[in-house]
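Contents: one structure, followed by commentary.
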Amino acid sequence: MLAVEISMNGRDYTNDKVTYGFYDAFVIDVSPRLISKKGGTKLSIRGFGFVDSGASEVSSKFGSKEAGELVCNNQSPCINSAKFIDKNTITTVSPP
């Protein structure tokens, strides 16, 4: 996370305490390994580079690069909301 302040004259800067997070998230593991085909299984995603944006912008996308995107209940792509737990953990729910 980086603090961002702006100056119009090169001397006086804003003091808004706005932060910007740039990250390259990397997933290491997802558990549990077995989930219900009906959906609704709580998943714990572990990795590096997770950033709490302070808003409800965290989401998970399901599918594979080889098979294309999954379709969930006639929606494409298959995206679910997720929750930031800490810098190494995000939780979400499996799709139907």
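The table below lists the values:
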| read-out | value |
| --- | --- |
| Total residues in the range 77-88, condition aliphatic (A, V, I, L, M) and modelled with pLDDT of 85 or more | 2 |
| Count of the range 8-33 residues which are part of a loop (DSSP other than H, G, I, E, B) and either within 16 Å of THR92 (Cβ to Cβ) or among the aliphatic types (A, V, I, L, M) (or both) | 4 |
| Boolean, SER36 is at pLDDT 85 or above, of a type outside the set (Asp, Glu) and part of a loop (DSSP other than H, G, I, E, B) | yes |
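Residues are listed down the side, and each one gets a yes or a no for (1) farther than 30 Å from TYR20 by Cα; (2) modelled with pLDDT under 85:
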| position | (1), (2) |
| --- | --- |
| LYS42 | no, no |
| ARG46 | no, no |
| PHE62 | no, yes |
| GLN75 | yes, yes |
| ILE90 | no, no |
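The values are calculated or read from the model by the stated rules, or taken from the named source; none is laboratory data. Predicted model only: the values in this text are computed from it and were never measured. Positions of Cβ are generated from backbone atoms using ideal geometry, with glycine treated the same way; all protein chains shown enter the neighbour counts.
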